[in-house]
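What follows is a set of notes on a single structure, which appears directly below.
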Amino acid sequence: MNTIVEENFSHLFDREVLKEISEVGIYKKVLAGETLIEVGSFIKYMPLLISGALKVFSENEDHEQILYFIERGDTCAMTLNCCIGNTKSEIKAVAEVESEMILVPVDKMEGWLSHKSWRKFVFESYNNRLFEMLEAIDSLAFLKLDERLLKYLQDKVLVNKSEVLTTSHLEIALELNTSRVVISRLLKKLELENKIILNRGKIEVLIY
DNA sequence: TCATTAACACGGG
DNA sequence: CCCGTGTTAATGA
């Protein structure tokens, strides 16, 4: 445990915080597609990502919206929020790819705010997530669907660390809240523009 | 104008 | 056969 924390977080935290994390943290590995946090659940642990990526949504009856991805060195701002207020989760988190993380019990971390490196980490996390959400809103409000689609694919390339995405048109349509016909048409257009190459169940992204 | 829904054909696994 | 893909036609916002 000690060495895992040392190796992955020594650039973020000072010695004391690293020690605290080592004492209470739990190592966890999840497979792609696994759900970590459900809307309405109480959050007991905060994830510190070591590898992989988590996809964070807001969700209501008929609608899902991607808010941001959490990657190595990131944590979830909504989790921080819930810890402090001890409220239910407003978001859903699913592993985008196979991911490793350290789970920190939320009741332990409140006292850590007295450590400078932890405070800095929390504020920077808030900042980053806020920025990503602004981008998500911008993309929703101002980008046309074809631009959103390309951006979505490029984001996927980043978090999957592969230019070849394994996904179907239907899956993309659901994520972007549109219909499969539209995605098929726009993907075809992107292929004709030499931005992607289409194959059954696979999309190779050429520009990112 | 552009998205959605329904419908169809084709092909791969 | 089922699923993913590409396309069209009708309808609606």
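Taking segment A:176-196, which residues are in a helix (DSSP H, G or I) and more than 12 Å from DNA strand B (Cβ to nearest atom)? Before you say what the answer is, go through the steps one by one.
The initial filter retains those residues of segment A:176-196 that are in a helix (DSSP H, G or I), namely A:180-192.
Of everything in segment A:176-196, those that are in a helix (DSSP H, G or I) and more than 12 Å from DNA strand B (Cβ to nearest atom) turn out to be A:L187, A:K188, A:L190, A:E191, A:L192.
Listed conditions (1) in a strand (DSSP E or B); (2) closer than 23 Å to A:K202 by Cβ are all met by A:E100, apart from (2). Screening segment A:160-175 for residues that are buried (at least 17 other Cβ atoms within 10 Å of the Cβ) and not in a strand (DSSP E or B) and picking the one that is nearest to DNA strand C (Cβ to nearest atom) gives A:H169. Out of (1) out of contact with any helix residue (DSSP H, G or I) (no Cβ under 6 Å at 6 or more places or on another chain); (2) of a type in the set (F, W, Y); (3) more than 16 Å from DNA strand C (Cβ to nearest atom); (4) in contact (Cβ under 8 Å) with a residue 24 or more places away in the chain, what's the single condition that is false for A:Y208? Status for A:Y208: all satisfied but (1).
Only one residue in A:L48, A:L80, A:L67 is part of a helix (DSSP H, G or I) and either in contact (Cβ under 8 Å) with a residue 24 or more places away in the chain or of a type in the set (G, A, S) (or both), so which one is that? Walk me through it before giving the result.
Details: A:L48 fails: part of a helix (DSSP H, G or I); A:L67 fails: part of a helix (DSSP H, G or I).
Just one listed residue meets the conditions, A:L80.
From the list A:E90, A:E98, A:E124, the lone residue that is of a type in the set (D, E, K, R), at pLDDT below 85 and either touching a strand residue (DSSP E or B) at 6+ places or on another chain (Cβ under 7 Å) or exposed (fewer than 15 other Cβ atoms within 10 Å of the Cβ) (or both) is A:E90. No other residue among A:S58, A:S22 is surrounded by 14 or more Cβ atoms within 10 Å (Cβ to Cβ), free of Cβ contacts under 8 Å to residues at least 24 places away in the same chain and not in a loop (DSSP other than H, G, I, E, B) apart from A:S22. Does A:E6 qualify as being among the acidic types (D, E) and in contact (Cβ under 8 Å) with a residue 40 or more places away in the chain? When the stated conditions are applied, A:E6 does not pass them.
The values are calculated or read from the model by the stated rules, or taken from the named source; none is laboratory data. What you see is a predicted model, and the numbers here were worked out from it, not measured in a lab. All Cβ positions, even for glycine, are placed from backbone atoms using ideal geometry, and neighbour counts span all protein chains on display.
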